[in-house]
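The values are calculated or read from the model by the stated rules, or taken from the named source; none is laboratory data. Since the model is a prediction, treat every value here as computed from it, not as a measurement. Counting neighbours? That spans all protein chains shown, and the Cβs are built from the backbone with ideal geometry, glycine included.
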Amino acid sequence: MDQLVDLIGRYGLLFVFVNVLLEQVGLPIPALPTLVLAGALAADGKLSAPLVLAVAVAASVIADYPWYLAGRRFGYRALRAVCRVSVSPESCVRQTEGIFERYGLMSLALAKFIPGYSTVAPPLAGILGTPAGSFFLYNTIGASVWAGAAVAGGVIFHRQVDRLVAALDGLGAWGLALLVLGLALYLLIRWTRLVQFQRVLRIARISVEELRRLLVEGHNPLILDVRTNLSYRYDPRTIPGAVRFHLNELDEKLAGIPREQEIILYCT
Amino acid sequence: MAAKLKEKGFQRIRPLAGGFQAWVSAGFEVQEATLASDLTASA
């Protein structure tokens, strides 16, 4: 029995570490259930809660740092790369910026609680030139609050978690199948959302070469620059002739424009 | 965004694949920040 406890004590931490690392790098693997379970095991004395917390925070910070550096070095290309892994590039970049624009560095501290935001916040902080010290501080606070809440949840509800684990255990192979099914369902939901979004985006796109040809040949399409203020400030240049445009000025800006006008939109 | 404009009745609307980044990477000319575009931005 001692050996078993020892085993859980050792590999439980490794499992937490790898799980959090993979999620924070951007893979669609949830870490929250693992943290809650680890919290419950800690309440049962099989793991040390402070150690679980430390390992989770370390994994999170380690996974975020390369993305922060990538943001600093490669700018918006890094953000698009993360967004491509997690959800869709366009919506993701815009939403992320919206959040950062509003809450600044504080958004890093709460990032882990905002779905989809936690993996994109680090590169964005890098792009916007957040000093490494501030990034590290706020990111560590964010990881601690997030992992702390999950582990605390596990500690508080450890009886319920234990009962759930016992129930799954009682089901034997079926219990394992149920877990796998749950994970598969989770992945399916994320994948469906991705496919749906890409279908919306597939509304005939125009390539940069084609747009350039339109301009050279004097077709004068209406070009709308729909980047957020944040990315516009980052690079205030525009495609020649483009008009800056916000979603909330949709009606006034388009008032006098004929419906058959050719319109090209671009964002970051 | 493009979907919103379609709802408003604009038919010939196309998003630029790759966005501004792709335009810049392709080495095509850009317009420097002008007072006019800044004004529309803050409007």
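Out of curiosity, is A:R102 under 28 Å from A:L265 (Cα atoms), surrounded by 19 or more Cβ atoms within 10 Å (Cβ to Cβ), modelled with pLDDT under 80 and basic (K, R)?
Against the criterion (under 28 Å from A:L265 (Cα atoms), surrounded by 19 or more Cβ atoms within 10 Å (Cβ to Cβ), modelled with pLDDT under 80 and basic (K, R)), A:R102 does not qualify.
Hey, among the residues in the stretch B:7-31 that are within 7 Å of chain A (Cβ to nearest Cβ) and assigned to a helix (DSSP H, G or I), which one's surrounded by the most Cβ atoms within 10 Å (Cβ to Cβ)?
B:F20
Return the total of residues in the stretch A:215-230 being outside any loop (DSSP other than H, G, I, E, B), more than 8 Å from chain B (Cβ to nearest Cβ) and touching a residue at least 24 places away in the same chain (Cβ under 8 Å). First the steps, then the outcome.
As a first pass, look at the stretch A:215-230 and keep what is outside any loop (DSSP other than H, G, I, E, B): A:215-216, A:222-225, A:229-230.
Imposing the further condition that a residue be more than 8 Å from chain B (Cβ to nearest Cβ) reduces the set to A:215-216, A:222-224, A:230.
Still in the running and touching a residue at least 24 places away in the same chain (Cβ under 8 Å): A:215, A:222-224, A:230.
Final tally of qualifying residues: 5.
May I ask you to list the residues in the stretch A:113-151 that are of a type in the set (S, T, Y) and crowded, with 22+ Cβ neighbours inside 10 Å? Before the answer, list the steps.
Pass one, the stretch A:113-151, residues of a type in the set (S, T, Y): A:117-119, A:130, A:134, A:138, A:140, A:144.
Once the filter is applied, which keeps residues that are of a type in the set (S, T, Y) and crowded, with 22+ Cβ neighbours inside 10 Å, the stretch A:113-151 yields A:S118, A:T119, A:T130.
Determine whether the stretch A:195-212 contains at least one residue that is surrounded by 12 or more Cβ atoms within 10 Å (Cβ to Cβ), more than 8 Å from chain B (Cβ to nearest Cβ) and at pLDDT 85 or above.
yes
Which of the residues belonging to the stretch A:239-268 are more than 23 Å from A:A125 (Cα to Cα) and among the polar types (S, T, N, Q)?
Within the stretch A:239-268, A:N248, A:Q261 qualify.
Find the residue count for the stretch A:243-268, including only residues that are facing chain B (nearest Cβ under 7 Å), part of a loop (DSSP other than H, G, I, E, B), within 24 Å of A:L79 (Cβ to Cβ) and hydrophobic (A, V, I, L, M, F, W, C).
1
Quick check on this structure: which one of A:P131, A:P123 is in contact (Cβ under 8 Å) with a residue 40 or more places away in the chain and farther than 20 Å from A:A56 by Cβ? Outline the logic, then answer.
Details: A:P131 fails: in contact (Cβ under 8 Å) with a residue 40 or more places away in the chain.
Every option except A:P123 fails the conditions.
Any residue at all in the stretch A:214-237 that's touching a Ser or Thr at 6+ places or on another chain (Cβ under 6 Å), at pLDDT below 85 and over 30 Å from A:L168 (Cα atoms)?
yes
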